[in-house]
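Accompanying notes for the structure given below.
The values are calculated or read from the model by the stated rules, or taken from the named source; none is laboratory data. Source: prediction; values computed, not measured. Don't worry about glycine lacking a Cβ; one is built from the backbone with ideal geometry, like all the others, and counts go over all protein chains shown. With ligands, DNA and RNA removed, areas are computed over all heavy atoms of the protein, side chains included. Shrake-Rupley method; radii C 1.70, N 1.55, O 1.52, S 1.80 Å.
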Amino acid sequence: PLHFRDPCPFQDPQTGLFHLLVTAMLEESVVSGHGGCLAHLTSPDLKTWTMQAPFLIPGYSNVPECPDFFYWNGWYYLLFSNFLTARYRMSRSPLGPWERPPVDTLDGSLSRVMKTAAFGEQRRIGVSWLGTRTNDKDDGKPQWGGHLLFREMIQHEDGTLGSKFVPEMMPGTNEARTIDRVHLLARSGLEVTAIEDVPHNVHIRLHVVPDPNSVTFGLHLRSTEDFSSGYALTFHVPERRVTLHQEPIYAVEGLDRPFTLEVILKDDIIDVCIDQRRCLVNRCPEQRGDRLFFFAHNANVTFENVDIRPLK
């Protein structure tokens with residue numbers, strides 16, 4: 001293989017043999033242009049290394065970068081980044097075979113190159129980075145560097161992973177403003193309502209109760225009097241898709257039943273946690289309206305216990 005970089009070592013707990021994973025590209029691939037792989041070397045002493053067959057050939061059009069390997073509650077996990085988006089594979093054995101879960105990403109695509117580490121005995125923290133945007137424009141190309149993003153990893157009963165906000169790292173807030181209930185019924189069109197004087201930097205927490213047959217609903221953040229302004233956080237129920245100002249995540253289960261929703265707006269960052277199991281982030285520098293719209297499009301949905309807390 002060519003391209004050697006991003007080494008990731010680990011030790012097989014059963015044999016004591018050391019393994020090294022390295023971002024690489026096959027000299028000759030079965031499918032042209034799709035030979036990115038994790039090269040695999042072994043050593044008994046961390047001094048003498050022997051090349052083995054590739055550890056993983058995921059089949060993408062670029063190399064699997066920045067591999068990460070860990071064991072957690074009966075499962076082995078292999079992470080790598082594809083076009084800066086972290087993906088993972090899982091296995092009961094440290095050497096595979098590696099299974100691709102139905103949703104193999106840990107966050108939205110702007111959460112770049114996530115790595116994880118143990119946090120106490122049973123928890124794991126994931127850390128990625130969110131780039132700035134060119135010229136501080138909403139449609140500016142994401143740049144390198146910016147802010148760190150912290151997530152707590154969630155391990156489901158079947159071993160698949162999700163993510164949520166880290167409770168210990170939630171920003172401090174001032175006194176809450178609470179709206180008990182907002183109900184929108186829009187069976188054949190669009191219905192909206194708005195809350196005014198929402199702070200620019202704010203933590204919004206609520207409970208969403210949709211009718212199972214709902215199609216689309218959500219929030220417009222930092223809007224003005226014009227509903228078309230601001231940033232739409234949209235739940236597309238039949239497609240199981242969520243978008244935050246055109247930034248999507250897919251295969252989001254449970255949008256047709258009650259779920260919790262948290263949104264943190266801090267300067268130009270909008271960060272979203274859905275039902276304590278999926279996260280989505282975007283960097284949106286331009287809009288500065290103080291209205292929060294609720295909307296339903298061919299949907300029957302209730303937004304309950306809307307908690308709006310200004311950030312300190």
Practice task
Return yes when VAL103 is open to solvent by 10 Å² or more (accessible area, probe 1.4 Å) and either touching a Gly at 6+ places or on another chain (Cβ under 9 Å) or among the acidic types (Asp, Glu) (or both) and no when it is not.
Solution key: yes
Exercise for the section: Return yes or no: is ARG112 among the basic types (Lys, Arg), in contact (Cβ under 8 Å) with a residue 12 or more places away in the chain and surrounded by 13 or more Cβ atoms within 10 Å (Cβ to Cβ)? Expected result: yes
Handout entry: Residue count, the stretch 129-170 (criterion: open to solvent by 50 Å² or more (accessible area, probe 1.4 Å) and part of a loop (DSSP other than H, G, I, E, B))
Key = 7
Fill in the blank from the handout: Of (1) within 12 Å of LEU221 (Cβ to Cβ); (2) among the aromatic types (Phe, Trp, Tyr); (3) open to solvent by less than 10 Å² (accessible area, probe 1.4 Å), PHE259 fails just (1)
Exercise for the section: State whether one or more residues within the stretch 112-124 are within 30 Å of HIS245 (Cα to Cα), part of a strand (DSSP E or B), hydrophobic (A, V, I, L, M, F, W, C) and modelled with pLDDT of 95 or more. Expected result: yes
Handout entry: Some residue of the stretch 191-202 being of a type in the set (S, T, N, Q), in a loop (DSSP other than H, G, I, E, B), touching a residue at least 40 places away in the same chain (Cβ under 8 Å) and within 16 Å of GLN122 (Cα to Cα)
Key = no
Handout entry: The one condition in (1) open to solvent by 20 Å² or more (accessible area, probe 1.4 Å); (2) touching an Asp or Glu at 6+ places or on another chain (Cβ under 6 Å); (3) β-branched (Val, Ile, Thr); (4) closer than 22 Å to CYS284 by Cα that VAL198 fails to fulfil
Key = (1)
Handout entry: Lone unmet requirement of (1) surrounded by 17 or more Cβ atoms within 10 Å (Cβ to Cβ); (2) of a type outside the set (S, T, N, Q); (3) over 16 Å from the mean Cα position of the chain (by Cα) for PRO97
Key = (1)
Exercise for the section: State yes or no: is GLY189 of a type outside the set (Phe, Trp, Tyr), under 24 Å from ASP138 (Cα atoms) and either open to solvent by less than 30 Å² (accessible area, probe 1.4 Å) or touching a Cys at 6+ places or on another chain (Cβ under 9 Å) (or both)? Expected result: no
Practice task
Among what's in the stretch 279-299 and is assigned to a strand (DSSP E or B) and open to solvent by 30 Å² or more (accessible area, probe 1.4 Å), pick the residue that is farthest from SER111 (Cα to Cα).
Solution key: ASN298
Completion exercise
Matching residues in the stretch 205-228 (open to solvent by less than 40 Å² (accessible area, probe 1.4 Å), in contact with a Lys or Arg (Cβ under 8 Å, 6 or more places away or on another chain) and over 16 Å from ASN298 (Cα atoms)) number 3
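Of all residues in the stretch 37-55, how many are under 18 Å from ARG100 (Cα atoms) and touching a Phe, Trp or Tyr at 6+ places or on another chain (Cβ under 6 Å)?
1
Yes/no matrix, rows are residues, columns are (1) under 18 Å from CYS273 (Cβ atoms); (2) among the basic types (Lys, Arg); (3) more than 20 Å from the chain's Cα centre (by Cα):
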{"residue": "ASP180", "(1), (2), (3)": "no, no, yes"}
{"residue": "LEU184", "(1), (2), (3)": "no, no, yes"}
{"residue": "SER188", "(1), (2), (3)": "no, no, yes"}
{"residue": "GLU191", "(1), (2), (3)": "no, no, yes"}
{"residue": "PRO210", "(1), (2), (3)": "yes, no, yes"}
{"residue": "ASN213", "(1), (2), (3)": "no, no, yes"}
{"residue": "PHE217", "(1), (2), (3)": "yes, no, yes"}
{"residue": "THR224", "(1), (2), (3)": "no, no, yes"}
{"residue": "ARG240", "(1), (2), (3)": "yes, yes, no"}
Exercise for the section: Scan (1) open to solvent by less than 30 Å² (accessible area, probe 1.4 Å); (2) of a type outside the set (D, E, K, R); (3) in a loop (DSSP other than H, G, I, E, B) for the single condition PHE303 breaks and write down its number. Expected result: (3)
Practice task
Answer with yes or no whether GLU262 is in contact with an Asp or Glu (Cβ under 7 Å, 6 or more places away or on another chain) and modelled with pLDDT of 95 or more.
Solution key: no
